[in-house]
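Peer 1: Take a look at the following structure, please.
All of the numbers you see were taken from the coordinates with simple rules; none came from a lab. These numbers come from a predicted model, not from an experiment. Here the Cβ is made from the backbone with ideal geometry for all residues, glycine too, and neighbour counts use every protein chain on show.
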């Protein structure tokens with residue numbers, strides 16, 4: 001019987017002044033040769049670059065942040081490390097860390113739509129992994145960042161734990177996917 005073993009490595013965040021964190025988990029496929037020996041899976045865990053101190057954000061992002069905070073999210077205004085755009089990074093409130101996902105939102109004037117936000121996040125993650133010496137294809141990271149959209153906002157959800165779909169984004173006026 002093959003058993004998969006996971007290994008992980010955490011790296012320190014960048015030297016930016018930080019206010020919010022997102023952890024990205026990258027798994028490689030579990031493989032074995034069928035002879036009953038132990039197969040291995042590796043997982044690379046790193047702390048994504050974190051949001052910097054709050055720059056000026058649009059009224060749309062500011063209003064959304066207040067709404068999300070009232071709904072139990074912890075939202076911090078700042079420059080998103082993946083897109084470089086001003087926005088809000090929101091994480092689950094106390095007690096919800098394993099049931100809701102970290103996400104970021106931006107004004108549509110800064111990031112056109114959720115697909116663009118997710119693409120920028122994927123590209124930055126692949127670059128960060130390459131800098132750390134991890135060889136990962138960009139399509140492997142594709143499921144880590146899912147697009148979020150509303151009439152005035154765009155963004156992405158970090159789907160590391162598979163919690164984007166259960167995060168209740170519709171209650172916040174956001175559409176996932």
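Peer 1: How many residues, within region 62-79, are outside any helix (DSSP H, G or I) and in contact with a strand residue (DSSP E or B) (Cβ under 8 Å, 6 or more places away or on another chain)?
Peer 2: Final tally of qualifying residues: 7.
Peer 1: Another question about this same structure. Please go through region 96-144 and pick out each residue that is closer than 19 Å to residue 67 by Cα and over 15 Å from the mean Cα position of the chain (by Cα).
Peer 2: 96, 107, 108, listed by residue number.
Peer 1: Give region 145-177 a look and list any residue that's free of Cβ contacts under 8 Å to residues at least 12 places away in the same chain and within 15 Å of the chain's Cα centre (by Cα), or say none.
Peer 2: 162, 165 - these are the residues of region 145-177 that are free of Cβ contacts under 8 Å to residues at least 12 places away in the same chain and within 15 Å of the chain's Cα centre (by Cα).
Peer 1: Let me ask something else about it. Kindly indicate whether residue 82 is closer than 25 Å to residue 56 by Cβ and assigned to a loop (DSSP other than H, G, I, E, B).
Peer 2: yes
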